[in-house]
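Heads up, the thing below is written out as structure tokens.
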Amino acid sequence: MDDLRHSAADATSEPLAHSISGSTTTLPRPARDEQQSRSPSERIQPFIQRFNSTISGADRSVMLGHKPVTVWLTGLSGAGKSTIAFRLERELMAMGRLCYVLDGDNVRHGLTSDLGFSKEDRRENIRRVAHVARLMNDAGLIVIAALISPMHEDRDMARAIVGSDRFVETYVSASANDCAKRDPKGLYAKAQAGTIASFTGVSAPYEPPLHPEVLVDTTALTVADSVSRVLDHLRLHFLLKR
């Protein structure tokens, strides 16, 4: 596919649009700095045009009773991200709010099954999930993304893709020692034994958020209290009164 894309781009310096009469006109290119600022995986061929819906975000919000938002749960493996995500989903659905969980393990069964755990692959994993979250937000849904997402720059990228006004960085805080004691999947023991390489919190770094919108310390809060803290933020900023 890369070869095909390159050959299509090299075939002409400017994309051409054919009129009914057979004449051609040059389509406008995106700004040069816009193209150069994107990573290779984010570069869009200049002849690809975006079509916008006639349904506005406000229309969807009125119908669904909430503004679109992505709650991005970040934290170490075993901190409680998935537990909180699925409990939050249940609470929101019980309130009549349309939502969906993008769980880090689940997306690796399909959307990102071709990726490993190198720094580059982790970044691409986050990029893809962020784009899916953005599409779901465009449809009006509340998205709950539960991924370790260990690096500041990768979470900043996710925020930029989703949109800062729709992105709620939620730090699910628990130390590596506490998570290792829980170790629900037995991963810390394997990582400490050297069976798993590049494991966050053991052999790979985790950079805690400096200024998360929501902080949930699962060593001090119950699951119910943790979910309530996130819900309080959503009620204040995203859930509309019915």
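Which of the following residues is surrounded by 14 or more Cβ atoms within 10 Å (Cβ to Cβ), at pLDDT 95 or above and under 12 Å from the mean Cα position of the chain (by Cα): Asp178, Asp154, Asp121?
Numbers: Asp178 fails: under 12 Å from the mean Cα position of the chain (by Cα); Asp121 fails: under 12 Å from the mean Cα position of the chain (by Cα).
After ruling out the rest, the residue left standing is Asp154.
When you check Met63 against the structure, is it part of a helix (DSSP H, G or I) and either open to solvent by less than 40 Å² (accessible area, probe 1.4 Å) or modelled with pLDDT under 95 (or both), yes or no? Lay out the reasoning, then the answer.
Numbers: part of a helix (DSSP H, G or I): yes; either open to solvent by less than 40 Å² (accessible area, probe 1.4 Å) or modelled with pLDDT under 95 (or both): yes.
Against the criterion (part of a helix (DSSP H, G or I) and either open to solvent by less than 40 Å² (accessible area, probe 1.4 Å) or modelled with pLDDT under 95 (or both)), Met63 qualifies.
Can you name the residue in region 160-175 that is closer than 28 Å to Leu135 by Cα and either of a type in the set (Asp, Glu) or more than 21 Å from the chain's Cα centre (by Cα) (or both) and, of all such residues, is least open to solvent (accessible area, probe 1.4 Å)?
Glu169
Condition test on Arg87, is it within 28 Å of Glu124 (Cα to Cα), at pLDDT 50 or above and either in a helix (DSSP H, G or I) or touching a strand residue (DSSP E or B) at 6+ places or on another chain (Cβ under 8 Å) (or both)? Working first, answer last.
Numbers: within 28 Å of Glu124 (Cα to Cα): yes; at pLDDT 50 or above: yes; either in a helix (DSSP H, G or I) or touching a strand residue (DSSP E or B) at 6+ places or on another chain (Cβ under 8 Å) (or both): yes.
Spelling it out, Arg87 is indeed within 28 Å of Glu124 (Cα to Cα), at pLDDT 50 or above and either in a helix (DSSP H, G or I) or touching a strand residue (DSSP E or B) at 6+ places or on another chain (Cβ under 8 Å) (or both).
Of all residues in region 163-181, how many are farther than 30 Å from Gln192 by Cβ and of a type outside the set (Phe, Trp, Tyr)?
Step one: list which residues in region 163-181 are farther than 30 Å from Gln192 by Cβ, which gives 163-168.
Then drop every residue that is not of a type outside the set (Phe, Trp, Tyr), which leaves 163-166, 168.
Qualifying residue count for the region: 5.
In region 199-215, which residue that is within 15 Å of Val71 (Cα to Cα) and outside any loop (DSSP other than H, G, I, E, B) is most open to solvent (accessible area, probe 1.4 Å)?
Within region 199-215, the first condition is being within 15 Å of Val71 (Cα to Cα), and the residues that meet it are 209, 211-215.
Those left that are additionally outside any loop (DSSP other than H, G, I, E, B): 214-215.
Working: Val214: 8, Leu215: 89 Å².
If we take residues in region 199-215 being within 15 Å of Val71 (Cα to Cα) and outside any loop (DSSP other than H, G, I, E, B), then Leu215 is most open to solvent (accessible area, probe 1.4 Å).
What about Tyr188, is it touching a Cys at 6+ places or on another chain (Cβ under 8 Å), aromatic (Phe, Trp, Tyr), touching a residue at least 60 places away in the same chain (Cβ under 8 Å) and surrounded by 13 or more Cβ atoms within 10 Å (Cβ to Cβ)?
Judged against the criteria, Tyr188 is a match.
The values are calculated or read from the model by the stated rules, or taken from the named source; none is laboratory data. Fair warning: this is a prediction, and the values are worked out from it, not measured in the lab. Every residue, glycine among them, receives a Cβ derived from its backbone with ideal geometry; neighbour counts consider all protein chains shown. The accessibility values were calculated without ligands, DNA or RNA, using every heavy atom of the protein model including side chains. Shrake-Rupley method; radii C 1.70, N 1.55, O 1.52, S 1.80 Å.
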